[in-house]
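Q: Sharing a structure here in structure tokens format.
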There are 2 protein chains.
Amino acid sequence: MKKRIGVLLSGRGSNFEAIAENVAAGHIPNAEIAIVISNREGAPGIERARARGIETRVIPSKGLEREVYDRQVVAVLREKQVDLVCLAGFMRLLSPYFVAAFPQHILNIHPSLLPSFPGLEAQRQALEHGVKWSGCSVHFVDENLDAGPIIVQTPVEVLDTDTPETLAARILKEEHRIYTEAVRIVFGGRFRIEGRRVVGV
Amino acid sequence: MKKRIGVLLSGRGSNFEAIAENVAAGHIPNAEIAIVISNREGAPGIERARARGIETRVIPSKGLEREVYDRQVVAVLREKQVDLVCLAGFMRLLSPYFVAAFPQHILNIHPSLLPSFPGLEAQRQALEHGVKWSGCSVHFVDENLDAGPIIVQTPVEVLDTDTPETLAARILKEEHRIYTEAVRIVFGGRFRIEGRRVVGV
């Protein structure tokens, strides 16, 4: 049986595409993307998933209470027998209900070296703070923003000439690499969580 | 005229020693350490400075209000015609009076990639948070804790097997390198501060 990935996105979903390519190339062995769900109509990531022949679902979130919405999404993920949920630019916090439905099996990627610069526009935050190194982080998701145990990080140097856009572009390259690395680690199962630390066993 | 460095420390002063060695080796051109000041009797860094033939002063801080103490220290630094103040494990916040006395000429080093993990035991904080990369930062000092504009940072990977001590030892090696780099940048003067960003010109 292949491991089944469910992807949640709200926008272009470039991290979804990187995972899809790495699944297709065999870099995530014995896995497939079972469903791509967007909370926004017209998210470009949905079109890209369709172009790859991957099943998609748009479940609009507008006006719904968090858990009411999350119950709809979890129902679809269960229907599709998803083993692992990957957030790829999904612009919503998850409810405790959602988190409890996939314990230690929801991942998110964030374009900073957490705990620095959680939240929106992390690359702009990093530039404005004047850090010389930023990066990206893949972490388990809990109910808090960009806050669960960290699985993989990688540093990216900030250049004097950087704008938020040029820095974001260099970080994005690394995001595409480490998200796949994190999925491999989680599917491999050779780790344990000690407090907040994710360590190999 | 050589540029004159004043060092403030409270303990062993390993970063002071690294700077002293790099000054002696000519890696910080045209500079000398004019004075090493400790706020604690018996700080090992004071003995080490004496062994190098560098002038030292112990100015006990115990029981003194911050600015009362800082006025004593600033008076000595001025007497010694210090151009640049380097904090090297100096366990006190500086008053606005001290900061204003050496505008953009007080440096500190901190064993994390700021703004992550300011304050005490940064390496233990990093381990407990579960980050995969930490590092160190040299920054201009303001009245706040580990908070001024960052001059140099470098990342250091955190290993699954690390203890606070092993991580601290690897970070310390990088501290010794980047503190000298930061002093060179500040003495070189080829930078400007835009908001919080220190950028080359």
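Q: Any residue at all in region B:188-200 that's more than 13 Å from every other protein chain (Cβ to nearest Cβ) and assigned to a loop (DSSP other than H, G, I, E, B)? Can you show your working first?
A: First pass over region B:188-200, keeping only residues more than 13 Å from every other protein chain (Cβ to nearest Cβ): B:188-189.
Checking the rest, the ones that are also assigned to a loop (DSSP other than H, G, I, E, B) come to B:189.
Yes, the conditions are met somewhere in region B:188-200.
Q: Keeping to region A:64-105, report how many residues are over 20 Å from A:GLY11 (Cα atoms) and open to solvent by 10 Å² or more (accessible area, probe 1.4 Å).
A: Summing the residues that are over 20 Å from A:GLY11 (Cα atoms) and open to solvent by 10 Å² or more (accessible area, probe 1.4 Å) in region A:64-105 gives 20.
Q: What are the pairs with Cβ atoms under 7 angstrom where one residue, in region A:28-51, is assigned to a helix (DSSP H, G or I) and the other, located anywhere, is of a type in the set (Asp, Glu) and open to solvent by less than 70 Å² (accessible area, probe 1.4 Å)? Sequence gap at least six, or different chains.
A: A:ARG48/A:GLU17
Q: May I pose another question? Do we find that B:VAL138 is over 29 Å from A:PRO155 (Cα atoms) and in contact (Cβ under 8 Å) with a residue 24 or more places away in the chain in this structure?
A: Numbers: over 29 Å from A:PRO155 (Cα atoms): no; in contact (Cβ under 8 Å) with a residue 24 or more places away in the chain: yes.
The answer is no for B:VAL138.
Q: Further question: For region A:1-27, which residues satisfy the criterion of being assigned to a loop (DSSP other than H, G, I, E, B) and touching a helix residue (DSSP H, G or I) at 6+ places or on another chain (Cβ under 9 Å)?
A: Those that are assigned to a loop (DSSP other than H, G, I, E, B) and touching a helix residue (DSSP H, G or I) at 6+ places or on another chain (Cβ under 9 Å): A:SER10, A:GLY11, A:ARG12, A:GLY13, A:HIS27.
Q: Now for a separate question. Under the condition of being farther than 14 Å from B:GLU17 by Cα and in contact (Cβ under 8 Å) with a residue 24 or more places away in the chain, which residue from region B:166-181 is surrounded by the most Cβ atoms within 10 Å (Cβ to Cβ)?
A: B:ILE171
Q: Another question about this same structure. How many residues does region B:129-166 contain that are more than 9 Å from every other protein chain (Cβ to nearest Cβ), in a loop (DSSP other than H, G, I, E, B) and of a type in the set (S, T, N, Q)?
A: Residues that pass the stated criteria total 2.
Q: Do we find that A:VAL58 is surrounded by 16 or more Cβ atoms within 10 Å (Cβ to Cβ) and in contact with a strand residue (DSSP E or B) (Cβ under 6 Å, 6 or more places away or on another chain) in this structure? Give the steps one after another, and end with the answer.
A: Values: surrounded by 16 or more Cβ atoms within 10 Å (Cβ to Cβ): no; in contact with a strand residue (DSSP E or B) (Cβ under 6 Å, 6 or more places away or on another chain): yes.
Criteria not met by A:VAL58.
Q: What residue, among those in region B:106-116 that are of a type outside the set (A, V, I, L, M) and either more than 9 Å from chain A (Cβ to nearest Cβ) or surrounded by fewer than 17 Cβ atoms within 10 Å (Cβ to Cβ) (or both), is nearest to B:LEU172 (Cα to Cα)? Steps first, please.
A: Of the residues in region B:106-116, the ones of a type outside the set (A, V, I, L, M) are B:108, B:110-112, B:115-116.
Then drop every residue that is not either more than 9 Å from chain A (Cβ to nearest Cβ) or surrounded by fewer than 17 Cβ atoms within 10 Å (Cβ to Cβ) (or both), which leaves B:108, B:110-112.
Values: B:ASN108: 14, B:HIS110: 10, B:PRO111: 7, B:SER112: 10 Å.
Out of the qualifying residues, it is B:PRO111.
Q: Being of a type in the set (D, E, K, R) and either at the interface with another protein chain (Cβ under 10 Å from one of its Cβ atoms) or under 17 Å from B:GLN125 (Cβ atoms) (or both) is true for just one of B:ARG170, B:ARG184. Which residue is that? Show your work before the answer.
A: Details: B:ARG184 fails: either at the interface with another protein chain (Cβ under 10 Å from one of its Cβ atoms) or under 17 Å from B:GLN125 (Cβ atoms) (or both).
So the residue among B:ARG170, B:ARG184 that is of a type in the set (D, E, K, R) and either at the interface with another protein chain (Cβ under 10 Å from one of its Cβ atoms) or under 17 Å from B:GLN125 (Cβ atoms) (or both) is B:ARG170.
Q: For region B:54-114, please list each of the strands (runs of 3 or more DSSP E) lying entirely inside it that holds at least 2 residues being touching a residue at least 40 places away in the same chain (Cβ under 8 Å). Full working, then the answer.
A: Working: elements: B:56-58, B:84-87, B:106-110.
Ranges flagged: B:84-87, B:106-110.
Q: Ok, one more. Only one of these conditions is not met by B:GLY119: (1) of a type outside the set (Ser, Thr, Tyr); (2) at negative phi; (3) within 14 Å of chain A (Cβ to nearest Cβ). Which number is it?
A: (2)
Q: For region A:30-39, check the following and say yes or no: at least one residue is open to solvent by 90 Å² or more (accessible area, probe 1.4 Å) and under 22 Å from A:LEU145 (Cα atoms). Step through it out loud before you land on a result.
A: Taking region A:30-39 first, the residues open to solvent by 90 Å² or more (accessible area, probe 1.4 Å) are A:30.
Checking the rest, the ones that are also under 22 Å from A:LEU145 (Cα atoms) come to none.
No, because not a single residue in region A:30-39 is open to solvent by 90 Å² or more (accessible area, probe 1.4 Å) and under 22 Å from A:LEU145 (Cα atoms).
The values are calculated or read from the model by the stated rules, or taken from the named source; none is laboratory data. Given the structure is predicted, the values throughout are model-derived calculations rather than measurements. Because the Cβ atoms are built from the backbone with ideal geometry, glycine has one as well, and the counts that use them run over all protein chains shown. The protein model used for the area step is the full one, side chains on, heavy atoms only, and it has no ligands, DNA or RNA in it. Shrake-Rupley method; radii C 1.70, N 1.55, O 1.52, S 1.80 Å.
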